[in-house]
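Asks: The structure that follows is given in the form of structure tokens.
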Amino acid sequence: MTEFVKPSIDYFELWPLLVVFGVACLGVVVEAFAPRRLRYVAQVGLALTGLVVALVGVVLVARDVTTYEDGAARGILAVGGTIAVDGPSLFIWGLVLALAIGGVLLFAERHLDGGVSAFAGQAAAVPGTDAETAALVANREHTEVYPLMMFAVFGMMLFPAANDLLTMFVGLEVLSLPLYLLSGLARRRRLLSQEAALKYFLLGAFSSGFFLYGAALLYGYAGSLDFAAINEAVRNDVGSPALLLIGTGLLSVGLLFKVGAVPFQAWTPDVYQGAPTPVTAFMAAGTKVAAFGAIMRLFYVALGADRWSWQPMLWIVAILSMFVGAALAITQSDIKRLLAYSSVAHTGFILTGVLGLQASDQLAIGEITSLQAVLFYLTTYGFATIGAFAVVSLVRDAGGETTAIDRWAGLGKESPVVAAVFAFFLLAMAGIPLTSGFVGKLAVFSVALAAGAWPVVVAAVIASIIAAFLYIRVIKVMYFDEPVGDGPSVAYPSVLTATTIAVGAAVTLVLGIVPGPVLDLAAVAGEFIR
């Protein structure tokens, strides 16, 4: 008879996670019982308060989770060893929460569309029907987007902290399901939004099936879903190599889908274009941070001893992602689709860093680790991306928000400040010096070179040159092309969107000039505990 062992919950260390989950559940209650006229203020205030409290909790917990002098990882395994609260987890939690605060500010913006939000008044109404028209006339809005977003944030925090495959799958689904719904709630271009949500849901469901089947195969190989047990089984070569290889491949499909890596990137341009721009901004930044945290934990902790099997696969995926993303971005006529393919290219750049060295493999004192470089790159990418999409939400024409690149012609004259800020974000994505993107690329390229992945680095440099062309093309349109018709206009945002843009631009500039503090913070985070 097996004796039941009560799991250790460690509530203090899990405080940030529990706060976010609690606020999400409370948001559902508010949506059910609060008067309609009070829901907007209540939901926005609740979401912002919960995120700030959770961020403070991350800082307090992080004071007790540092690294030993010998570089060994330090942290705790909570809830019976299913959740790892260590330095990398806390760094990713803090980054996700900071980006989520920017996401809430964009969700709450109501000045850009005549006092209504970017979300549909009644999602269940068929586009073009009387029911939808009545919802628009009544200025209804979906305030349940805030608890949905909080559930997605909870999934983004659980996903990279999971210490076994089952918990990681739960985090993947909790992260994904709210985003499927949010992607279909655009007030304008409803059919395009609903199409994006359907594509995202169907392809996401397939990818989740691959992940679950891969987890089953790894369980058959190791006899456990726990990462430490899988790592021990790999070291001792206790099972069938075929089960290990096929299981690793299927798990990789599920994870690489979430980051939009080639050949699993087909959903990215359609969803980025069709989803409401605030959702695109939050999803593009937060999902990539969480998913790369999960990728590194799986490959470093559970499959670190099988590095020579999965590294060649990541070499190929990284190179394909960089070139396919950069090449297809050049052909785009829609700014959101261009940024989507740009994100595919950035996925390749980040994978270049994943191929680098861990602390235990460092060749020289002072050499940054792979984890350190990737965490820094995720920070630079997250703030630049959410800031860029916030700027996209400001550009308008007679039909509302316009994302056609040729409609941006003359923006430099119409609104020099908005054009300059957007050009700055694009230059950061291109990796121009004195921006955070330059330091981020330098970091991931350095760790990949130190690990001997020089072919990937050479490909990354070539892809960066190709990508620079597409960013410069947009800048050229804004400043040198003649406007089409009446030209673009810029909607005056409230302090909410303005704050998100200002913080994104400030972080992008500061990390390009003084990257040391964030690199040091990533170094203090140490390595994953096992």
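Here, each number is a calculation from the coordinates, and none is a lab measurement. Every value quoted in this text rests on a predicted model; they were computed, and no experiment measured them. Backbone-built Cβ (ideal geometry, glycine too); neighbour counts: all protein chains shown.
Asks: What is the projected area of the convex hull of the Cα atoms of region 372-530, averaged over all directions, in nm²? List each step's numbers first, then the result.
Replies: Details: hull surface 44.7 nm².
Mean orientational projected area (region 372-530, Cα hull): 11.2 nm².
Asks: Can you compute the radius of gyration and Dmax for region 385-425, using only the Cα atoms, both in Å?
Replies: Both quantities, over Cα of region 385-425: 9.7, 27 Å.
Asks: Rounded to the nearest angstrom and ordered from largest down, what semi-axes does the equivalent ellipsoid of the chain get from its C-alpha gyration tensor (root of 5λ)?
Replies: Numbers: eigenvalues 259, 152, 90 Å².
Taking √(5λ) for each eigenvalue gives 36, 28, 21 Å, largest first.
Asks: I need the fraction of alpha carbon pairs in region 449-530 separated by more than 20 Å, rounded to a whole percent.
Replies: Cα-Cα pairs of region 449-530 separated by over 20 Å account for 70 percent.
Asks: Right, something else. How large is ³J(HN,Hα), in whole Hz, for each residue of region 369-381 in order, when computed from phi with the Karplus curve 6.51 cos²θ - 1.76 cosθ + 1.60 and θ = phi - 60°, using x for Gly and Pro?
Replies: Result, ordered by residue: 8, 4, 4, 4, 5, 5, 4, 5, 4, 4, 5, 5, 5 Hz.
Asks: For the chain, take the longest principal axis of its alpha carbons; what is the angle in degrees between that and the long axis of helix 277-297, to the nearest 10 within 0 to 90?
Replies: Rounded to the nearest ten degrees, it is 10.
Asks: I've got another one for you. Could you give the size of the charge dipole of region 15-525 about its Cα centre, using +1 on the Cβ of each K and R and -1 on the Cβ of each D and E, expressed in debye and rounded to the nearest 20?
Replies: Numbers: 25 positive and 30 negative charges, 135 e Å.
Dipole about the Cα centre, nearest 20: 640 debye.
Asks: Please name which of ALA451, THR268, VAL170 has its Cα lying farthest along the dipole of region 15-525 towards the positive end, using unit charges on Cβ (Lys, Arg +1; Asp, Glu -1) and the Cα centre as origin.
Replies: Going by the charge dipole, the pick is THR268.
Asks: Could you tell me the center-to-center distance, by alpha carbons, between region 498-518 and region 292-320 in angstrom?
Replies: The two parts, judged by their Cα centres, are 30 Å apart.
Asks: Taking Cα centroids, how far is region 455-481 from region 412-430 in Å?
Replies: 15
Asks: Beyond a 22 Å Cα-Cα separation, which of these cross-linked pairs lie in this structure: LYS288/LYS441; LYS413/LYS476; LYS441/LYS476; LYS199/LYS441; LYS258/LYS476?
Replies: Over 22 Å apart, Cα to Cα: LYS441/LYS476; LYS199/LYS441; LYS258/LYS476.
Asks: Here is a further query. Gain in length, ARG396 to TYR479, computed as 0.36 nm per residue apart minus the alpha-carbon separation, to one decimal in nm?
Replies: Here the answer is 28.2 nm.
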